[in-house]
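The values are calculated or read from the model by the stated rules, or taken from the named source; none is laboratory data. Note that the structure is predicted; figures quoted are calculated from it, not measured. So basically every Cβ, Gly included, is an ideal-geometry build from the backbone, and we count neighbours across all protein chains shown.
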Amino acid sequence: STVGCAFNNKRRMETSPALIPLMNAGAIFLVRGNLPQSALTIHSDNKIWGCAKNPHDNTRSCGGSSGGDGGLVAARCAPLGFGSDVGGSIRVPAHFNGIVGFKPTQGRLSIALSHVAKISEV
C-alpha cells in the first residue's frame with residue numbers, strides 16, 4: 001500500500017496475517033480502499049487518489065481513515081473491508097456510511113504487517 005503517500009511506491013510482497021485465513025478459505029480480493037496520508041485523520045483524502053466519497057451522497061465524506069473500505073462496503077462493492085483503528089478509523093467510516101464497524105480487542109488480530117505497524121518506514 002502507498003499509505004496515501006506519493007513517494008511511497010514500494011509494493012509489499014508479504015501477505016497480512018489477518019488475510020491469510022480468508023485466502024485459505026478461498027476468498028478473492030477484488031478492490032482496494034482509499035486512506036489518508038499517515039492514516040490518522042477523519043477523512044479519506046490523499047494526493048494520489050483524491051477524496052473517497054460517501055456512496056449515499058457524494059457531497060459527503062465516507063469518513064476516515066479506513067473510509068475507502070467503509071464506502072466500498074456501504075456501496076456493496078465488497079462484503080467486508082479491513083482497516084486499522086487507533087482513534088476511530090474503522091468506527092468513524094462505519095458511522096458515516098451506515099454500516100457496522102468492528103474493532104477487535106487489542107492483540108486479538110496480528111498487525112505485524114499492517115500499514116500502521118509499518119508507517120515508520122514511510
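Quick notes
- When restricted to residues that are in contact (Cβ under 8 Å) with a residue 24 or more places away in the chain and surrounded by 24 or more Cβ atoms within 10 Å (Cβ to Cβ), the range 51-71 contains 10.
- Within the range 53-87, the residues that satisfy the criterion of being within 11 Å of the chain's Cα centre (by Cα) and over 22 Å from ALA27 (Cα atoms) are GLY63, GLY64, SER65, ASP85.
- Taking the range 87-104 as the range and being modelled with pLDDT of 80 or more and assigned to a loop (DSSP other than H, G, I, E, B) as the test, the residues that pass are GLY87, GLY88, SER89, ILE90, GLY98, ILE99, VAL100, GLY101, PHE102, LYS103.
- Residue within the range 39-56 that is farther than 17 Å from HIS95 by Cα, touching a strand residue (DSSP E or B) at 6+ places or on another chain (Cβ under 7 Å) and either at pLDDT 85 or above or not in a loop (DSSP other than H, G, I, E, B) (or both) present: yes
- Condition check for ASN9: more than 19 Å from PHE96 (Cα to Cα) and at pLDDT 90 or above: no
- Residues in the range 24-56 that are among the charged types (D, E, K, R) and over 20 Å from GLY98 (Cα atoms): LYS47 alone.
- Within the range 13-33, one or more residues are touching a Gly at 6+ places or on another chain (Cβ under 7 Å) and either free of Cβ contacts under 8 Å to residues at least 60 places away in the same chain or exposed (fewer than 13 other Cβ atoms within 10 Å of the Cβ) (or both).
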